[in-house]
Amino acid sequence: RGVVDRIIGRFEKGFVEKLTQKRLIGREAEYPVVWPDGNAADVRLLLKELHKKDLQDFTPMFEELPCRLLGSEKQLAGLRSPDKKLEIVLEVGWGTVEVITGPFGDLNELKTAHEDAMRFVVHAAARLGMKVLGSGLQPRTRPSKELTMIDPYTSP
C-alpha cells in the first residue's frame, strides 16, 4: 500500500459506525490586535491586563518566548478558565490573540461563551488603547521573525 492509502485508512478509522456519546463542539478564533495607527500590538500586554483586572481566577499559562528585548525567560502566553472551557492565548507570535472556547453540547452554548470571552478581550484591549481586528484584516506591521517567531519567507 502506498503512503496516501495508509493516511486515508488512518483517517477513516477515526469515524465510528455508531456514536456512544453526544458529540461536542468547540471553536478556535484568531484576531490580530493593533494600535490605533494599525501597527501590531503586543498581546502579552493584553493578557496581563485581562489577568489583572478581569480574569483573576484564570490560570496563567507560561512558555519560553524568545524575544530580543525581553530575553528568553518564561512569559505569560495565555489564560485558562477554571472549568477549562475557555483559553485566551498568544497565536503565531505576539500580534494575534486566539480565543478557544468549548467543548460544548450545542451551538448556542458555544456562541454565548465566545461572545462573553470577546467582550472581555475587546474591553481590555480598549483600556490599553488597542483594537481587536476581525474580518480577515491584518496589521500594517511588516511580517518578521521577531513578530511571528517564524521566518515568514522561508517557512512552509
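Read-outs throughout are calculated quantities, based only on the coordinates presented, and are distinct from any laboratory measurement. It should be emphasised that the depicted structure is a prediction, and the values quoted were computed from it without experimental measurement. FYI the Cβ positions are ideal-geometry reconstructions off the backbone, even for glycines, and counts take in every protein chain you see.
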For labels at Glu109 and Thr20 in the simple 7 Å Cα→Cβ model, what's the distance in nm?
2.0 nm
Note down the nm distance, to one decimal, between modelled labels 7 Å out along Cα→Cβ at Arg44 and at Phe11.
3.9 nm
Straight-line reach only, C-alpha to C-alpha below 22 angstrom: list the lysines that Lys131 could link to, leaving out same-chain residues fewer than 8 apart.
Lys48, Lys52, Lys53, Lys111
Straight-line reach only, C-alpha to C-alpha below 27 angstrom: list the lysines that Lys13 could link to, leaving out same-chain residues fewer than 8 apart.
Lys22
